[in-house]
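All remarks here apply to the structure that follows.
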Ligand code: KG4
Ligand code: ZN
């Protein structure tokens, strides 16, 4: 069975063709991502209106490319899937309307997919043996969520950010240090050069919840940088990067520790989202799970950031459950 999947919730226009065999194993036949990073870089962040226009320009071309790479025509496709929440509303609408038109014209079932479930589903591609229940930790430019995944379709949000997303805080800190948008990956690298990491406050909210607040740690970094600039001293860029990454990662470990203490029925952790590419976070989670005797699943680096293969992977479960939409399908900025 084959699914053609689309993703346009932020600044990547993506199309992919996936096949699920009789054994349930998911194979990615094609996975095309048209990134708008270069377009938005000069503005230091994603400009929603520009993103929507760029999606509109790219989506037809990448659809042909995805089908061609997979060696398929629309006749070989059994269903069309699309991210319809959450994300930038104008950006989401581009792929939603495109997918609706394709599904209607070719009489294929249309499957709406939640973007966060998509990020988690990237792990079903990389780890065919993965089965719920497990705890998911999703961190990207727009989300930071701790999720109880009861089964592939039932995700219960048990912790999140009260302000900035984890990736957003990486990008903002990187930006004030003069790194091009999105600076998360560059900050990740620079942190390895820090010999004397500067201490920053934790992003783990000091209360009984599983929540984060990344704005405090970000502000502490910005204040330090401004102070050092005013005093004319040399910016300890690598030590700032190392301290920031250390504070961010240890906050995640703190809240995940509380998560597993309170959910003793859970024995596996699944990492997902753009920030899942962070090498310091990956290393820390390897140690954390080993110490607690938990299984750890992390996506390959190419499936951490936004892509349509992960949307297709989540869509197989929606297909099995008969969760189909008609041409009235809408897009939502928030998670539904
Ligand atoms: O999942 P994604 O592609 O898009 C959203 O759904 O937001 O995530 C993009 C985010 C950006 O904030 C980017 O800086 C961050 O993921 N990111 C990283 C790394 N690679 C990407 N953050 C920290 N370390 C990395 N290596
Ligand atoms: Zn994402």
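The values are calculated or read from the model by the stated rules, or taken from the named source; none is laboratory data. Keep in mind that this is a model prediction, so the values were computed, not measured. Positions of Cβ are generated from backbone atoms using ideal geometry, with glycine treated the same way; all protein chains shown enter the neighbour counts.
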> Looking at segment 80-88, is at least one residue assigned to a helix (DSSP H, G or I), modelled with pLDDT of 95 or more and not assigned by TED's automatic domain parsing to the domain that holds residue 204?
Replying inline: no
> Which of the residues that make up segment 16-28 are away from ligand 1 (no atom under 16 Å from the Cβ) and surrounded by 24 or more Cβ atoms within 10 Å (Cβ to Cβ)?
Replying inline: 17, 18
>> If I go through segment 30-60 residue by residue, how many of them are assigned to a strand (DSSP E or B) and surrounded by 20 or more Cβ atoms within 10 Å (Cβ to Cβ)?
In response: 3
> Any residue at all in segment 98-110 that is assigned by TED's automatic domain parsing to the domain that holds residue 18 and crowded, with 24+ Cβ neighbours inside 10 Å?
Replying inline: yes
> Hey, does segment 21-29 have a residue that's more than 17 Å from residue 121 (Cα to Cα) and touching a residue at least 24 places away in the same chain (Cβ under 8 Å)?
Replying inline: no
> Going by the conditions given, is residue 257 in the same structural domain as residue 185 (by TED's automatic domain parsing), touching a strand residue (DSSP E or B) at 6+ places or on another chain (Cβ under 9 Å) and farther than 18 Å from residue 221 by Cα?
Replying inline: no
>> Any residue that is in the same structural domain as residue 263 (by TED's automatic domain parsing), touching a strand residue (DSSP E or B) at 6+ places or on another chain (Cβ under 8 Å), closer than 21 Å to residue 141 by Cβ and buried (at least 16 other Cβ atoms within 10 Å of the Cβ) - is there at least one of those in segment 232-243?
In response: no
> Is there a residue in segment 277-294 that is touching a residue at least 60 places away in the same chain (Cβ under 8 Å) and within 15 Å of ligand 2 (Cβ to nearest atom)?
Replying inline: yes
>> Restricting to segment 159-185, give me the number of residues that are more than 12 Å from residue 143 (Cβ to Cβ), touching a residue at least 60 places away in the same chain (Cβ under 8 Å) and more than 7 Å from ligand 1 (Cβ to nearest atom).
In response: 6
>> Out of the residues in segment 28-50 meeting the condition of being more than 10 Å from residue 309 (Cβ to Cβ) and in contact with a strand residue (DSSP E or B) (Cβ under 9 Å, 6 or more places away or on another chain), tell me which one is farthest from ligand 2 (Cβ to nearest atom).
In response: 34
>> Can you confirm whether residue 84 is away from ligand 2 (no atom under 13 Å from the Cβ) and either at positive phi or crowded, with 24+ Cβ neighbours inside 10 Å (or both)?
In response: yes
> Based on what the data block shows, is residue 150 assigned by TED's automatic domain parsing to the domain that holds residue 246, over 17 Å from residue 245 (Cα atoms) and either surrounded by fewer than 20 Cβ atoms within 10 Å (Cβ to Cβ) or under 15 Å from the mean Cα position of the chain (by Cα) (or both)?
Replying inline: yes
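Can you tell which of 273, 216 is surrounded by 18 or more Cβ atoms within 10 Å (Cβ to Cβ) and at positive phi?
Sole residue among the options that is surrounded by 18 or more Cβ atoms within 10 Å (Cβ to Cβ) and at positive phi: 273.
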> For segment 256-280, what are the residues that are within 16 Å of ligand 1 (Cβ to nearest atom), under 17 Å from residue 160 (Cβ atoms) and part of a helix (DSSP H, G or I)?
Replying inline: 274, 275, 276
>> Being assigned to a loop (DSSP other than H, G, I, E, B), touching a residue at least 12 places away in the same chain (Cβ under 8 Å) and more than 15 Å from ligand 1 (Cβ to nearest atom) is the filter here; which residues of segment 127-153 pass it?
In response: 127, 128, 130, 132, 133, 152, 153
>> Looking at the structure I just gave you, is residue 329 free of Cβ contacts under 8 Å to residues at least 60 places away in the same chain, surrounded by fewer than 21 Cβ atoms within 10 Å (Cβ to Cβ) and in contact with a helix residue (DSSP H, G or I) (Cβ under 8 Å, 6 or more places away or on another chain)?
In response: no
> Taking segment 111-126 on its own, how many of its residues are surrounded by fewer than 21 Cβ atoms within 10 Å (Cβ to Cβ) and away from ligand 1 (no atom under 16 Å from the Cβ)?
Replying inline: 0
